[in-house]
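Everything on this sheet refers to the single structure shown next.
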């Protein structure tokens with residue numbers, strides 16, 4: 001592909017690209033380039049930066065996969081599901097414990113309420129009860145309250161454990177952490193995976209780049225930071241800036257290799273259309289922004 005670009009660049013002509021240039025200039029009020037490069041369509045390919053892996057949170061089996069290589073996905077999109085039988089069994093075993101601890105807490109709470117009513121009656125009519133009996137009842141009430149506190153602590157512990165397990169099960173739904181493009185699918189449905197195993201690789205949309213070739217006459221006329229726009233088929237122009245320029249001419253085809261990175265505020269829908277490896281046009285638009 002790179003050799004193809006070099007051969008294209010060696011004979012590139014000044015084909016007007018008014019729509020791309022004007023769209024970029026009007027939205028950013030950028031100064032025009034010299035006539036030699038303004039509006040030229042330079043052949044390029046869409047690339048991506050560093051990929052990010054989606055890993056298994058625990059040992060599990062791949063139950064479903066929805067992601068496909070080259071597919072653009074939005075943040076939060078469901079990519080697949082894992083199934084952990086051991087996790088399901090542990091959750092099922094907690095159900096009786098949760099019910100028992102809730103019933104125990106309810107029973108102890110009822111005991112405390114009954115003893116509180118009796119205590120209030122004794123307080124209201126102390127002449128009807130001996131001092132020893134009143135003291136014994138106070139101790140009985142204190143013991144009931146202590147048992148209630150312990151039962152409630154056990155119930156909270158069981159509920160917390162269940163909540164943690166449910167969170168682990170939620171993590172078995174594989175979701176895209178950011179707007180990205182699926183660059184690799186490394187597993188298949190039915191496969192068993194260990195905790196930490198990479199299942200998918202995603203390339204963030206913000207890492208969208210283009211590699212392109214320029215004719216030798218462009219050397220010295222473009223600089224790092226030069227505004228360009230990327231044109232992929234019928235999509236809207238995508239603003240970018242040159243982030244790499246080869247210092248020398250590629251001898252095999254007498255062309256210069258350069259790279260551009262898409263601006264952070266570019267339209268996400270248009271950027272998702274830049275599938276890695278697809279052919280695009282890179283159109284120089286304006287000089288770099290002046291230094292402050």
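We did not get these values from a lab; they are worked out from the coordinates using the rules stated. Not measured: the values here are computed from a predicted model. Note that we place each Cβ from the backbone using ideal geometry, even for glycine, and neighbour counts take in every protein chain shown.
How high is the relative contact order of segment 137-253, in percent, with contacts defined as C-alpha pairs under 8 Å that are six or more residues apart? Answer for segment 137-253 is 15 percent. Extension gain, residue 109 to residue 66: 0.36 nm times the residue separation minus the Cα-Cα distance gives 10.5 nm. Distance between the modelled labels on residue 131 and residue 150, one decimal in nanometres: 3.1 nm (7 Å Cα→Cβ projection). Each of 88, 109, 234 was scored by other Cβ atoms within 10 Å of its Cβ. Arranged with the fewest first, they read 234, 88, 109. Of the peptides 121-132, 96-107, the ranking by mean beta-carbon count within 10 Å, highest at the top, reads 96-107, 121-132.
Using a Förster distance of 25 angstrom, determine the FRET efficiency expected from the C-beta separation of residue 198 and residue 85, and round it to 0.05. It comes out at approximately 0.70. Using the Cβ-Cβ distance between residue 157 and residue 58 with R0 = 22 Å, the FRET efficiency computed as 1/(1 + (r/R0)^6) comes to roughly 0.50. Modelled spin labels at residue 248 and residue 166, positioned 7 Å past Cα toward Cβ, are 6.5 nm from each other. One decimal place: the segment residue 235-residue 93 gains 45.7 nm when fully extended, by the rule 0.36 nm per residue minus the C-alpha distance.
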